[in-house]
Structure formats: structure tokens, C-alpha cells
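Each value in this text was obtained by applying a stated rule to the coordinates, not by laboratory testing. Not measured: the values here are computed from a predicted model. Note that we place each Cβ from the backbone using ideal geometry, even for glycine, and neighbour counts take in every protein chain shown.
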């Protein structure tokens with residue numbers, strides 16, 4: 001198996017786990033590693049990080065790729081997903097078993 005194939009297999013598995021976690025938490029909508037990268041990039045930008053810093057953190061070769069990430073994600077949709085996720089966290093225990101995986105649910109500790 002080639003290295004690229006292994007990476008794709010890992011990404012596929014992570015996306016499956018993310019979907020299960022969203023379903024278990026009752027969060028409607030899409031979940032994927034790509035959306036997570038968009039989310040991280042936009043959070044960093046909102047917190048004042050430069051595009052160059054975000055580029056380096058995401059491992060992009062070009063600032064233009066990072067600008068696509070920053071311009072291609074609807075902040076309102078993103079905010080709604082984050083709100084739903086945080087609403088689900090309120091009052092829950094600090095972790096939960098989902099498909100034999102410990103999932104941290106409370107970031108306050």
C-alpha cells in the first residue's frame with residue numbers, strides 16, 4: 001500500500017468517526033476533516049492571525065490556497081454549527097464512549 005493510499009484510508013476513517021460523533025451528539029449537518037480545516041483557518045483569522053501564519057499552520061505551499069480556505073467558508077453557517085455543538089455540550093459529562101472511542105465533550109476542564 002502506497003503512503004498516499006494510507007493517508008486516504010486514515011482520512012476516510014476519521015470522517016466516518018466524525019459522522020458518528022455528530023449523529024451521537026444530535027448535530028445535523030456535514031462533518032469532515034476538510035470542514036475542520038476550514039473552521040480552524042477561519043477561527044485563527046477571526047482571532048487576528050495573519051494569513052501567512054495560517055498558511056504555515058495548515059501546511060499550505062501558497063498563500064493563495066489559504067486565501068481560498070478563508071474566503072470559501074460561510075461564517076454564518078460555521079457559527080450555527082459551533083453553536084449547536086456548544087449547546088449539546090452544556091450539562092454533559094466530560095467524556096462519552098462512542099463506538100469504543102472516548103470522546104471529550106467538555107473543554108472547560
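What ranking of 6, 30 emerges when the number of other C-beta atoms within 10 Å of each C-beta is taken as an exposure proxy, fewest first? Walk me through the intermediate numbers first.
Working: 6 10, 30 13.
Least crowded to most crowded, the residues run 6, 30.
For a test of the definition: using alpha carbon positions, the gyration tensor, and the 1.5 limit on a/c, classify segment 1-73 as rounded, prolate or oblate.
Details: a/c = 2.92, a/b = 1.30, b/c = 2.24.
Oblate.
Once label points are set 7 Å from the Cα along Cα→Cβ at both residue 8 and residue 36, what is their separation, rounded to one decimal in nm?
2.0 nm
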